[in-house]
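The values are calculated or read from the model by the stated rules, or taken from the named source; none is laboratory data. Nothing here was measured: the structure is a model prediction, and the numbers come from that model. Cβ placement follows ideal geometry from the backbone for every residue including glycine, while neighbour counts extend to all protein chains displayed.
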Ligand code: MN
């Protein structure tokens, strides 16, 4: 019997993307990052859209965009307007396809606090031209994320304050119960379009109050019952 060994690689393998987990040195390995657009009515309105419940829409960031363990966010190139979007991050422990809403939370391993950093000036141009959003959304260090907190410890929060301070001033404030599409609905909807995998993250949209940061700013995000995230923007 031959033992299968991993094939030799022609270049060094890229490092695996992982997130810290509260209460352990073990880490959460990340597969994909799905992001929900316009999932709080007040944010939809501030971006000039109708807050009515339309089907959700999605974009992705790359796992390599994660900024973890309290690292600073370097100012990204090609932009003069980088916006913060504080979001609940859902971390899947089980994948699947066509997951019923009623079973969806059973696929969640934990939750975290994240920032969907956005090159808003570039996004505005892409929107106008009907082009894809990756250049605005999926750049280096565009996904600061805090510790993942196990659902086994905190359950599945469907309410709780979500806030972002910049330089000590309150910028964004909302409540998880204001989400247009709830976490189980998002998981179910995504699972009809993609084969979800253990390690997938879902960034679930941002409340109103998005705005720009500048080098030297410190962003402090928090979600009641889940945790905090502190990220400094550097030149
Ligand atoms: Mn967002």
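Check residue 59 against each of (1) modelled with pLDDT of 95 or more; (2) more than 15 Å from residue 114 (Cα to Cα); (3) surrounded by fewer than 17 Cβ atoms within 10 Å (Cβ to Cβ) and name the one condition it does not meet.
(3)
Can you tell which of 43, 49, 31 is touching a residue at least 12 places away in the same chain (Cβ under 8 Å), under 21 Å from residue 174 (Cα atoms) and out of contact with any strand residue (DSSP E or B) (no Cβ under 7 Å at 6 or more places or on another chain)? Give the derivation first.
Details: 49 fails: touching a residue at least 12 places away in the same chain (Cβ under 8 Å); 31 fails: under 21 Å from residue 174 (Cα atoms).
It is 43.
Looking only at residues that are at pLDDT 95 or above and under 30 Å from residue 189 (Cα atoms) in region 7-18, which one is farthest from the ligand (Cβ to nearest atom)?
Of everything passing the filter in region 7-18, 18 is farthest from the ligand (Cβ to nearest atom).
I'd like the residue in region 19-28 that is more than 14 Å from the chain's Cα centre (by Cα) and in contact (Cβ under 8 Å) with a residue 24 or more places away in the chain and, out of all such residues, is farthest from the ligand (Cβ to nearest atom). Spell out the reasoning first.
Here is the first cut: in region 19-28, the residues more than 14 Å from the chain's Cα centre (by Cα) are 20-28.
In the following step, the residues that additionally are in contact (Cβ under 8 Å) with a residue 24 or more places away in the chain were identified as 20-23, 28.
On the way: 20: 22, 21: 23, 22: 23, 23: 28, 28: 20 Å.
Among them, the one singled out is 23.
Residue-wise test of (1) surrounded by fewer than 19 Cβ atoms within 10 Å (Cβ to Cβ); (2) away from the ligand (no atom under 16 Å from the Cβ); (3) assigned to a loop (DSSP other than H, G, I, E, B).
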{"position": "71", "(1), (2), (3)": "yes, yes, yes"}
{"position": "78", "(1), (2), (3)": "yes, yes, yes"}
{"position": "88", "(1), (2), (3)": "no, no, no"}
{"position": "91", "(1), (2), (3)": "no, yes, no"}
{"position": "102", "(1), (2), (3)": "yes, yes, no"}
{"position": "105", "(1), (2), (3)": "yes, yes, no"}
{"position": "112", "(1), (2), (3)": "no, no, no"}
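Looking at (1) in contact (Cβ under 8 Å) with a residue 60 or more places away in the chain; (2) within 16 Å of the ligand (Cβ to nearest atom); (3) out of contact with any strand residue (DSSP E or B) (no Cβ under 9 Å at 6 or more places or on another chain), find the lone condition where residue 127 falls short.
That leaves (1) as the condition not met.
Could you name every one of the strands (runs of 3 or more DSSP E) located completely within region 11-55 that has at least 2 residues being under 20 Å from residue 124 (Cβ atoms)?
Numbers: elements: 18-21, 24-29, 33-36.
Here the list reads 33-36.
Please go through region 114-124 and pick out each residue that is near the ligand (Cβ under 10 Å from one of its atoms) and in contact with a helix residue (DSSP H, G or I) (Cβ under 9 Å, 6 or more places away or on another chain). Give the steps one after another, and end with the answer.
As a first pass, look at region 114-124 and keep what is near the ligand (Cβ under 10 Å from one of its atoms): 114-118.
Selection gives 116, 117, 118.
Could you go through region 89-105 and let me know if any residue there is within 16 Å of residue 222 (Cβ to Cβ) and at pLDDT 95 or above. Let's see the steps before the verdict.
First pass over region 89-105, keeping only residues within 16 Å of residue 222 (Cβ to Cβ): 89.
After this cut, where a residue has to be at pLDDT 95 or above as well, the list is 89.
Yes, region 89-105 contains a residue that is within 16 Å of residue 222 (Cβ to Cβ) and at pLDDT 95 or above.
(1) free of Cβ contacts under 8 Å to residues at least 40 places away in the same chain; (2) over 28 Å from residue 46 (Cβ atoms): which one isn't true of residue 150, the others all being true?
In the conditions (1) free of Cβ contacts under 8 Å to residues at least 40 places away in the same chain; (2) over 28 Å from residue 46 (Cβ atoms), residue 150 misses (1) alone.
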